[in-house]
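Computed from the coordinates by the stated procedures, all read-outs in this text should not be read as laboratory data. These numbers come from a predicted model, not from an experiment. Neighbour counts are summed over all protein chains in view; Cβ atoms, including those assigned to glycine, are modelled from backbone coordinates with ideal geometry.
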Amino acid sequence: MEAIEELSQLSDSMRQAAALLADEDVDENSSSTRSSTFLNVVALGNVGAGKSAVLNSLIGHPILPTGENGATRAPISIDLRKDGSISSKSIILQIDNKSQQVSASALRHSLQDRLSKSSSGRNRDEIYLKLRTSTAPPLKLIDLPGLDQRIMDESMISDYAERNDAILLVIVPAAQAPEIASSRALRLAKEYDGEGTRTIGVISKIDQAASDQKALAAVQALLLSQGPPMTADIPWVALIGQSVSIASAQSGSENSLETAWRAEFETLKSILTGAPQSKLGRIALVDALAQQIRKRMKVRLPNLLSG
């Protein structure tokens with residue numbers, strides 16, 4: 001996939017540039033290696049918006065727990081490394097200097113257990129995973145609790161969204177597209193990224209709104225850059241719900257993921273008949289990420305990318 005290869009190249013460029021950004025992006029009070037945020041992707045949305053499902057689609061494996069009951073109760077950070085030498089079915093978990101092959105279901109259940117233990121309190125501790133797969137772009141994906149959960153105060157949001165170059169994924173279910181102007185996720189993105197240079201809008205659960213003509217009209221307006229003024233400078237893409245593509249790809253041939261993503265695209269095309277096809281599906285989302293990251297790097301590091 002061309003966009004994933006471009007992200008791999010950008011990741012290499014980012015490693016070259018890490019020293020140039022150190023003064024701005026290193027948190028001197030933190031022991032974690034968060035020296036650059038160009039390849040960070042932060043999911044913003046309410047409970048049930050489909051944040052975890054969207055990130056699962058990017059990963060290519062159903063690792064993150066999903067559900068209408070707000071499965072994500074603490075920040076989850078997944079540091080992805082692309083490894084073309086392993087099977088598309090494989091996930092390698094890296095802990096310290098050790099590597100262990102794990103299944104998506106084992107990771108998901110482990111995360112669910114850890115999240116359930118924190119459900120009764122205001123746990124702000126980030127859950128961190130470092131994974132190697134052949135399916136995912138080389139990004140750090142950050143799944144935050146729903147914006148309408150009590151734990152999500154302004155300081156937690158700013159810890160992730162305010163970081164200078166992190167991409168903000170504004171995730172809104174298709175059924176809420178007609179009221180997009182009142183979306184808290186969109187308002188927050190505008191607060192932290194007024195020019196829209198590091199924001200991408202994701203309209204999720206298109207399949208669940210397939211019979212809602214008002215919602216589909218609002219979705220198509222967003223994809224055509226004809227939505228409310230505050231949405232005009234943000235690239236928008238549309239995805240299906242609980243990635244049917246991911247669920248169906250857990251069995252079958254080595255090429256089943258690609259087959260599933262093509263099926264997702266065809267489903268979206270049949271529902272959103274007037275939308276630009278370049279804005280539909282997981283491939284469109286990866287492409288939008290690559291474009292936004294490259295544009296952001298050109299602004300901040302023009303000399304690095306001039307060649």
Query raised in the report: Of Lys98, Lys295, Lys130, how do they rank once you tally other Cβ atoms within 10 Å and put the fewest first?
Result: Lys98, Lys295, Lys130
Report task. Taking amide H positions as placed in the peptide plane 1.01 Å from N, state which residues far from Asn40 in sequence (5 or more) or on other chains have amide H under 5 Å from it. Result -> Lys140, Ile167
Report task. Convert each backbone phi in the range 285-298 into a coupling constant with the Karplus relation 6.51 cos²θ - 1.76 cosθ + 1.60 (shift: θ = phi - 60°), then list the ³J(HN,Hα) values in order as whole Hz, x for Gly and Pro. Result -> 5, 4, 5, 4, 4, 4, 5, 5, 5, 5, 4, 5, 5, 5
**Report entry** Binned Cα-Cα distance frequencies in the range 36-302 - 10 Å width, integer %
**Finding:** 7, 32, 38, 21, 3, 0
Query raised in the report: Once phi is turned into ³J(HN,Hα) by the Karplus curve 6.51 cos²θ - 1.76 cosθ + 1.60 with θ = phi - 60°, what whole-Hz value does each residue of the range 261-266 show in order, with x for glycine and proline?
Result: 5, 5, 5, 4, 4, 5
Query raised in the report: Using a Förster distance of 45 Å, how high is the FRET efficiency between Ser155 and Gln213, based on the Cβ-Cβ distance and rounded to 0.05?
Result: 0.65
Query raised in the report: To the nearest 20 debye, what charge dipole does the range 36-302 have about its Cα centre, counting +1 at the Cβ of each Lys and Arg and -1 at the Cβ of each Asp and Glu?
Result: 400 debye
Report task. Would you mind ranking Tyr160, Tyr128 by Cβ crowding within 10 Å, fewest neighbours first? Result -> Tyr128, Tyr160
Requested in this report: Arrange His61, His109 by Cβ neighbour counts within 10 Å, fewest through most, would you?
Outcome: His109, His61
Query raised in the report: Hey, if you put +1 on the Cβ of every Lys and Arg and -1 on every Asp and Glu Cβ in the range 36-302, which of Pro137, Leu268, Pro229 ends up farthest toward the positive end of that dipole?
Result: Pro137
